[in-house]
Amino acid sequence: MAVIVPILYIIAFGLFIYGLSGLTGPRTAVRGNLIAAVGMGLAVVATLLLVQTNWILIIVGLVVGTVLGVPAARNVKMTQMPQMVALFNGVGGGAVALIAWAEFRATDGFVDTALYVVIASMFAAIVGSISFWGSLIAFGKLQEMLPGRPIGLGRAQQPINMGLLALAVVAAVVAGLGGAGEIWVIAVLVLAAVVGVLVVLPIGGADMPVVISLLNAMTGLSAAAAGLALDNTAMIVAGMIVGASGSILTNQMAVAMNRTIPAIVAGGFGGTASLPGADDGVERTVRSTSESDAAIQMAYASQVIVVPGYGMAVAQAQHAVKDMAKLLESKGVEVKYAIHPVAGRMPGHMNVLLAEADVPYDALKEMDDINGEFSRTDVTLVIGANDVTNPAARNDPSSAIYGMPILNVDESRNVIVLKRSMGSGFAGIDNPLFYGQNTSMLFGDAKKSVAGVTEGLKAL
């Protein structure tokens with residue numbers, strides 16, 4: 001066993017990294033995910049070879065986890081994928097926090113325990129608990145069990161958060177002194193739990209993709225710390241991979257929004273702002289269009305850009321969009337897709353949906369690559385992408401999202417926005433794009449509207 005286990009771990013780590021490299025594109029993502037899963041399976045087998053006791057408890061845990069996890073992953077709708085990601089990530093953080101508690105009990109309160117084990121265990125307890133409870137709040141917001149708008153305590157929010165975190169650290173120090181009562185490690189978990197709740201509650205819906213990525217990174221770091229405490233190489237390597245990749249992604253998304261991670265954690269925008277002058281009594285004209293008129297506009301265009309957002313996910317319209325695009329291309333119209341880094345409710349949400357509909361990867365254009373195309377585009381079709389197309393972010397210094405890079409759809413010759421109503425996006429901020437002279441609104445369910453446009457194209 002002393003030789004086999006390290007070999008299995010090395011193979012598993014290689015598969016982790018190779019599988020992760022496959023996630024860089026939709027063509028190789030499924031294969032990469034399977035390769036990484038095989039690596040995790042080998043790591044689990046290697047770890048079980050080291051186990052001498054508690055086989056019944058281990059088997060029960062594996063069975064329960066499999067029974068709950070496999071059906072949930074297989075049956076989840078694409079519209080609910082962000083919620084599932086948040087929930088599964090939270091479960092990982094919660095497991096790490098419980099491992100830290102178990103380590104405390106196994107050593108009789110860290111009696112005669114190496115200092116690095118104590119520090120790693122308490123770090124895992126704090127960060128894992130914050131990640132678990134913060135992920136539950138993120139899940140509640142995404143599932144609309146909690147309001148998507150920020151819920152905070154105003155200026156007192158940050159002092160309270162820092163104070164509770166300081167108390168958690170103090171409790172962790174006392175718990176790590178050796179021989180302390182179990183109440184101290186429980187206090188660490190409870191205080192960290194409150195911090196996790198209070199940190200995520202004030203974050204607005206528009207910042208949720210960044211929050212999910214950040215919580216994912218925290219879970220990875222806490223798992224690596226727990227691995228250090230348990231002397232488990234698999235947990236250390238896997239945790240560091242998750243922590244590092246999650247941290248890089250979080251930073252990239254924050255940069256894409258022209259915001260800093262501390263600013264987001266301090267309380268994101270959303271739910272508090274409205275279009276300046278929206279209540280000043282001035283009548284604003286909204287032009288509506290029909291499916292047949294939209295079909296005519298796009299049929300005689302040379303280039304059409306589709307901007308997908310959460311509205312497409314809710315309506316499950318990605319396949320209908322693909323069918324419409326295929327018909328347009330048969331008429332000689334060039335179709336491209338503009339992808340904003342934080343469109344949807346999780347990182348890469350739109351890419352996943354469009355890949356599911358077999359949209360060619362080359363047609364998906366990132367924000368920096370596509371923004372120069374809008375000014376020479378005949379028709380831009382916006383499907384529920386409210387916040388990432390809001391020109392107030394570029395033009396209005398008083399807007400809560402001012403400075404956030406957006407897709408410059410308002411520069412197109414014609415813009416058609418598919419929405420159910422004139423309601424604001426997840427950030428709770430009105431969008432002046434809807435009142436533009438070159439904008440037409442096509443109201444209704446996005447899937448039905450796109451299907452209607454497709455039928456109109458067939459008739460031309």
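Brief remarks follow.
- Surface composition of the chain: carbon and sulfur make up 64 percent of the accessible area, probe 1.4 Å.
- Dipole magnitude of the range 69-188, debye to nearest 20 (Cβ charges: Lys/Arg +1, Asp/Glu -1, about Cα centre): 620 debye
- Per-residue SASA remark: Thr260, around 80 Å² accessible (1.4 Å probe; ligands, DNA and RNA not included).
- Put the Cα centre of the range 100-159 next to the Cα centre of the range 168-229 and the gap is 2 Å.
- In degrees, nearest ten, helix 55-75 long axis to first principal axis of the chain (Cα): 0 degrees
- Of Tyr18, Tyr361, the order by accessible heavy-atom surface (1.4 Å probe, DNA, RNA and ligands excluded), from most exposed downward, is Tyr18, Tyr361.
- Formal net charge of residues neighbouring Asn89 (Cβ-Cβ distance under 15 Å; K, R +1; D, E -1): +2
- Computed log₁₀ I(q)/I(0) - Debye formula, equal Cα scatterers, no solvent, the chain, q 0.13 Å⁻¹: -1.17
- Against the compact-protein benchmark of 2.2 N^0.38 Å, the Cα-based radius of gyration of the range 35-76 scales to 1.35.
- The listed residues Tyr9, Tyr300, Tyr402 rank as Tyr300, Tyr402, Tyr9 when sorted by accessible area, largest first, using a 1.4 Å probe.
- In Å², nearest 10: area of Lys365 left accessible to a 1.4 Å probe: 60 Å²
- Heavy-atom accessible surface of the chain, averaged per residue, reaches 46 Å², computed with a 1.4 Å probe.
- Longest segment of the chain lacking GluC sites (Glu not before Pro) that sit in a DSSP loop with at most 16 other Cβ atoms within 10 Å: 284-460
- Between 0 and 90°, nearest 10: helix 318-330 axis offset from the chain longest Cα axis: 40 degrees
- Most positive-pole-ward Cα, Gly344, Ser247, Met404, against dipole of the chain from beta carbon charges: Gly344
- Ordered from highest to lowest accessible area with the whole protein assembly present and a 1.4 Å probe, Met422, Met404 read as Met422, Met404.
- Per residue, the Cα convex hull of the range 35-112 amounts to 122 Å³.
- Close Lys-Lys pairs in the chain, where close means Cα under 19 Å and separation is 8 or more or interchain: 23
- Think of the chain as a dipole: +1 on every Lys or Arg Cβ, -1 on every Asp or Glu Cβ, centred on the Cα centre; then among Phe123, Gly109, His319, His319 lies furthest on the positive end.
- Rg over Rh [alpha-carbon atoms, Kirkwood Rh] for the range 125-171: 1.04
- Extreme residue, positive dipole direction of the range 340-382, given options Ala357, Met367, Val382 (C-beta unit charges): Val382
- Here the dipole of the range 287-372 is about 180 debye; that uses its Cα centre as origin and unit charges on the Cβ of Lys and Arg (positive) and Asp and Glu (negative).
- Dividing the convex hull volume of the alpha carbon atoms of the range 48-189 by its residue count gives 139 Å³ per residue.
- Charged side chains reduced to their Cβ positions (Lys and Arg at +1, Asp and Glu at -1) give the chain a dipole of some 460 debye around its Cα centre.
- Rounded tilt (10° steps) of 157-175 against the dominant C-alpha axis of the chain: 20 degrees
The values are calculated or read from the model by the stated rules, or taken from the named source; none is laboratory data. Remember, predicted model here, so these are calculated numbers, not experimental data. Neighbour counts are summed over all protein chains in view; Cβ atoms, including those assigned to glycine, are modelled from backbone coordinates with ideal geometry. These area figures cover heavy atoms from the full protein model, side chains too; ligands, DNA and RNA do not enter into them. Shrake-Rupley method; radii C 1.70, N 1.55, O 1.52, S 1.80 Å.
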